[in-house]
Amino acid sequence: MKTGQAFNPYMPSWEYVPDAEPHVVGDRVYVYGSHDIFNGLNFCLGDYVCWSAPVDDLGNWKYEGCIYKREQDPAAPRIRLTNGLAAPDMAVGTDGRYYLYYFMGGTKMISVAVCDHPAGKYEFYGYVKYADGTPIGKKGEPFQFDPGIFKDDDGRLYLYTGFALASNPILLDGSKPTEHGPMCFELDPDDMLTVKSGPDYIGIAGEKEAAGTPYEGHPFLEASSMRKFGDTYYFIYSSMNSHELCYATSDNPTGGFRYGGILVSVGDIGLPGVTDVNHAKNYTGNTHGSLIKIKDRYYVFYHRHSNRKQSSRQAMAEEIRFEDGKFYQAELTSCGLNGGPLAGKGSYPAYIACNLYGRRGTRFLSMIKHSKNGYPYFTQDGKDREGGPDQYIANMGDGAVAGFKYFDLSDTSKIRMNVKGNATGTVLVSTEEQGRPAASIPIRPSKELHGFSSDLNVTGEKQALFFRFEGKGSFQFHSFELK
């Protein structure tokens, strides 16, 4: 029984879990991912946590707790700042136990932890290794990174890894990037560690090989993940554009993959009329995730960025259209897992905006915070912690736009914004980005959170709401109410 609505981000706004790999176990979906620290100096500085939800109530996420600590890995480098736990994936072994495959910076290896329960306390198990006992990554292969683990219907077990950006500082230790796309290893399912064959390349083009092929403009970068729907294998990856997840298909898990298209872009780049990374629908940076079928619907899981930099990433998901074996690019929404538009009544936090940009557009984010000047952004006060402070939109200045999709406004007639700041002007609310205003909300300076209201003259069962500020100064946008 569904108990509430589902929003994006679908975890609490104080939680930062990127690189999500969703898996259904029994009647629940479990999400395994990296763990960022709000305002962290680097990616993946937290220990692994797990969240789960009933398959029939995807707005009801439960914090399962910390499932694995960095210090449990015997090879964990002393310095955490540049050597975080990154991008795990999970597979069930022949013994019924749950195996977590992960990468830790500074090791060059793929590590494995094991647990009797999908979200219990995992224990270190070992390193993926060749038959002679040498861990993969220690024989001069291209850099092992972002492991995707896949157990096929016949019980065979495959590991996919790789990283292709030669200029990235992660390779300063002398490691080589992969130039031929992702690598595949077949592992022994009896011990879940030993390589039976590989590394082999599966036919997904690297940057140097993509020209003149369907992969041109979308070559492999990182974020390997494999899924199977029907008799077709779907390999999910982040392209060299970084802001998009793409996919390729084959009838063989070890080769012959053909480019399929874009699954999602964190700036909606690739959807009609959206081509410029500096004028995307949201701030862009890397993304990582996968596909999953839950009951009769398909979803793509990914992450977005907040706090003006890349290392405060949040878990997102969208329902995605799937027809005749093909996935069609999903649109960023505020209601991704909800199964339909949000109700046209009640209070909504501003951090569920799916579109956010300033008069000057957006930015491709780096590890260094971009300028506040002219750009609204998601942030929070204080540190991230369970039950901690909610995010809000800061720096809503002249020309700033916050967009929310979608709502059933069939019976909605009033809207109220809760804001604070030094702004004087008007927020125009419309159902299209450049559309005719359906509400005009006057804003004036307030040191404390204050509500400003207007009638809302619009109707429809699936409507977007775009808030555009015109005026002087700026304000913090915390929430809005529909009546």
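The values are calculated or read from the model by the stated rules, or taken from the named source; none is laboratory data. Computed from a prediction, not measured in an experiment: that's the story for all the values here. Positions of Cβ are backbone-derived with ideal geometry, glycine not excepted, and every protein chain shown enters the neighbour counts. Quick note on the areas: whole protein, heavy atoms, side chains included, nothing else; ligands and nucleic acids left out. Shrake-Rupley method; radii C 1.70, N 1.55, O 1.52, S 1.80 Å.
The table below lists the values:
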{"quantity": "Value of Rg/Rh across the stretch 388-483 [Cα atoms, Kirkwood radius]", "calculated": "0.95"}
{"quantity": "Signed unit charges on C-beta, dipole axis of the chain, positive-most listed residue Ala343, Thr161, Gln476", "calculated": "Gln476"}
{"quantity": "Given charges at Cβ of Lys, Arg, Asp, Glu: the chain dipole, positive-most of Val419, Pro88, Ile292", "calculated": "Val419"}
{"quantity": "Accessible surface of the chain, 1.4 Å probe, proportion on carbon and sulfur as whole %", "calculated": "48"}
{"quantity": "Förster radius 60 Å - calculated FRET efficiency between Ala131 and Ser413 (Cβ-Cβ, nearest 0.05)", "calculated": "0.30"}
{"quantity": "Charged-residue dipole, Cβ positions (Lys, Arg, Asp, Glu), the stretch 20-328 about Cα centre, Debye nearest 20", "calculated": "860"}
{"quantity": "Average Cα contact separation per residue, the chain, under 8 Å, 6 or more apart, as relative contact order %", "calculated": "12"}
{"quantity": "Separation in nanometres of the label points that stand 7 Å from Cα toward Cβ, at Ser347 and Ser453", "calculated": "1.4"}
{"quantity": "Positive-end residue of Gly460, Gly198, Ala438, charge dipole of the chain with Cβ unit charges", "calculated": "Ala438"}
{"quantity": "Within the stretch 86-177: Cβ-based charge dipole about Cα centre, in debye rounded to nearest 20 (Lys, Arg +1; Asp, Glu -1)", "calculated": "300"}
{"quantity": "DSSP-defined beta bridges in the chain - what % are antiparallel, rounded to 5", "calculated": "95"}
{"quantity": "Solvent exposure of the stretch 1-87 as accessible area per residue, Å², 1.4 Å probe", "calculated": "37"}
{"quantity": "Amide N of the stretch 174-218 lying under 19 Å from the label point, which is placed 7 angstrom from the Cα of Asp95 along Cα→Cβ", "calculated": "187-196"}
{"quantity": "Residues in the stretch 458-483 that a label on Thr424 would reach, taking backbone N under 15 Å of a point 7 Å out along Cα→Cβ", "calculated": "470-475"}
{"quantity": "Modelled label reach - Lys62, point 7 Å along Cα→Cβ, the stretch 1-24 residues with backbone N closer than 17 Å", "calculated": "1-4, 11-12, 23-24"}
{"quantity": "Cα centroid separation - the stretch 409-462 against the stretch 140-214, whole Å", "calculated": "49"}
{"quantity": "Rounded if a/c under 1.5, otherwise prolate or oblate - the stretch 58-109, Cα gyration tensor axes", "calculated": "oblate"}
{"quantity": "Pairwise FRET efficiency - Ala166 versus Lys139, Cβ, R0 = 25 Å, nearest 0.05", "calculated": "0.80"}
{"quantity": "Mean accessible surface per residue for the stretch 346-482, computed with a 1.4 Å probe while every protein chain stays in place, in Å²", "calculated": "46"}
{"quantity": "Loop-located trypsin sites (Lys or Arg not before Pro) in the stretch 285-351 whose Cβ has at most 13 other Cβ within 10 Å (DSSP)", "calculated": "Lys295, Arg321"}
{"quantity": "The stretch 57-202: C-alpha gyration tensor shape, a/c 1.5 cut-off, then a/b vs b/c", "calculated": "oblate"}
{"quantity": "Thr232/Ala75 FRET efficiency (R0 45 Å; Cβ-Cβ; nearest 0.05)", "calculated": "0.75"}
